[in-house]
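In what follows, a structure is listed as structure tokens, so that the remarks can point back to it.
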Amino acid sequence: MDLHALIRTEAPAAERDRGLTSPVLTALADHGLHRMLVPRRHGGLELGLPEWSSQVQELSRADASTGWTVMTTTISSSLAWYLPADSADEIFGDRRSVVAGTAAAIGTGVSADGGYRVSGHWGWGSAVPYSQWVIGGCVTPDGPRLAVYPRSDVTVHDTWHVAGLRATASHEFSVSDAFVPAGRTALPGVTPPGTNGPLVRFPFFCLLAAGVASVGLGTARRSVDEIEDLAVEKTPQHTTKRLAEQTGAQIEIALMEARLSAARAFLDDELRAVWELAEAGSPVPDAVKGRLRLACTFASAEATEVTQKAFALGGGTSVFEASALQRCLRDAHAANQHTIVSRRLLETYSMVRLGLGPDTARF
């Protein structure tokens, strides 16, 4: 079965069980999708970020939870660029291994012989239950670090009872006095990379924002697919015309397509602009990063509104669990809640443009 068809087929069961199914997890590993951003020397695909965004969008078109899972695991796996080569070989030597976790420096690491002993409790651990290695940020005597733990050191807490992105398994997780060798810690942008390449010159927060926006765009694309299919089949109550033959529906579908296409083009243009600078080894000015963050926030918001429009146009049909439109609606809203695509970025962007000197540390 085609990968995307398999994901669509398994999505209802994943939604019910709050976790991706074994056939999907196996297929994602078989296709190397968790390793799209891993260097080739460690067995990764080493994709450029515009191509990565397109892949995340297509996976999210099949199922938002699957797209989100791959988006987060690929970003986690990009730590392979920053770790010393021997440590990266240890973590990524098994080409089927999955790396997940949370970058926030919530844990505490104390110095130990050859590394650190870390304790901490993190939230938003997307895909941690599916992983072999887990990232949890911590504060150490040497400053904040991303530390990588074997899954056996990690306790997963069943806390992911949510409205949308239910199958991402984004539970809380913790470690207690776990030893982490210094070579399994790094901090993008601060510690020297173990492997050089354009990804280490790409702003990390821009990477995360582009990933969240890509999930939203793929989810919205699925909602437009669904409403187009429904429109040619459904004759609403108290009418004699199919939905597809009604002027109001025709206009709404056209506007959905225009808004979605514009948002995707804006994101693609700005992502390519920053990626080209990273490939050339050139610094990325705040104004350029700001435009990419604007494109990400805009794309996520437009995707959510397009999904809402598609759900509303579907009428009563949309509310049933059998309808993908209701799942798209919940997933799009859940993705758009992420702080990385918050509307606050609109203020920061405008302040940069107007020379008002805002804090751009998280650009």
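ASN196 fails exactly one of the following numbered conditions: (1) more than 22 Å from the chain's Cα centre (by Cα); (2) crowded, with 17+ Cβ neighbours inside 10 Å; (3) not hydrophobic (A, V, I, L, M, F, W, C). What is the number of that condition? Going through (1) more than 22 Å from the chain's Cα centre (by Cα); (2) crowded, with 17+ Cβ neighbours inside 10 Å; (3) not hydrophobic (A, V, I, L, M, F, W, C) one by one, ASN196 breaks only (2). Looking at the structure I just gave you, is GLY290 surrounded by 21 or more Cβ atoms within 10 Å (Cβ to Cβ), over 23 Å from ALA265 (Cα atoms) and either outside the structural domain of ARG264 (by TED's automatic domain parsing) or touching a residue at least 60 places away in the same chain (Cβ under 8 Å) (or both)? No, not satisfied. If you go through segment 253-267 and keep only what is surrounded by fewer than 19 Cβ atoms within 10 Å (Cβ to Cβ) and either closer than 18 Å to HIS338 by Cβ or touching a helix residue (DSSP H, G or I) at 6+ places or on another chain (Cβ under 7 Å) (or both), you end up with GLU257, ARG259.
Screening segment 1-103 for helices (runs of 4 or more DSSP H) wholly inside it with 1 or more residues that are within 22 Å of ASN196 (Cα to Cα) returns the ranges 49-62, 64-77, 85-92.
Kindly evaluate THR317 against the criterion of being outside the structural domain of ALA287 (by TED's automatic domain parsing) and either surrounded by 14 or more Cβ atoms within 10 Å (Cβ to Cβ) or in a loop (DSSP other than H, G, I, E, B) (or both). So THR317 does not fit the description; no.
Residue-level analysis places SER300 among those that are among the polar types (S, T, N, Q), within 20 Å of ARG362 (Cα to Cα) and in a helix (DSSP H, G or I). Being closer than 21 Å to LEU83 by Cα, modelled with pLDDT under 95 and not in a strand (DSSP E or B) holds for only one residue in GLY183, GLY189, and it is GLY189. The residue of segment 8-24 that is nearest to ALA64 (Cα to Cα), among those that are buried (at least 20 other Cβ atoms within 10 Å of the Cβ) and of a type in the set (A, V, I, L, M, F, W, C), is ALA11.
The values are calculated or read from the model by the stated rules, or taken from the named source; none is laboratory data. Model, not experiment: these values are computed from the prediction. As a convention, Cβ positions derive from the backbone with ideal geometry for all residues, glycine included, and neighbour counts pool all protein chains shown.
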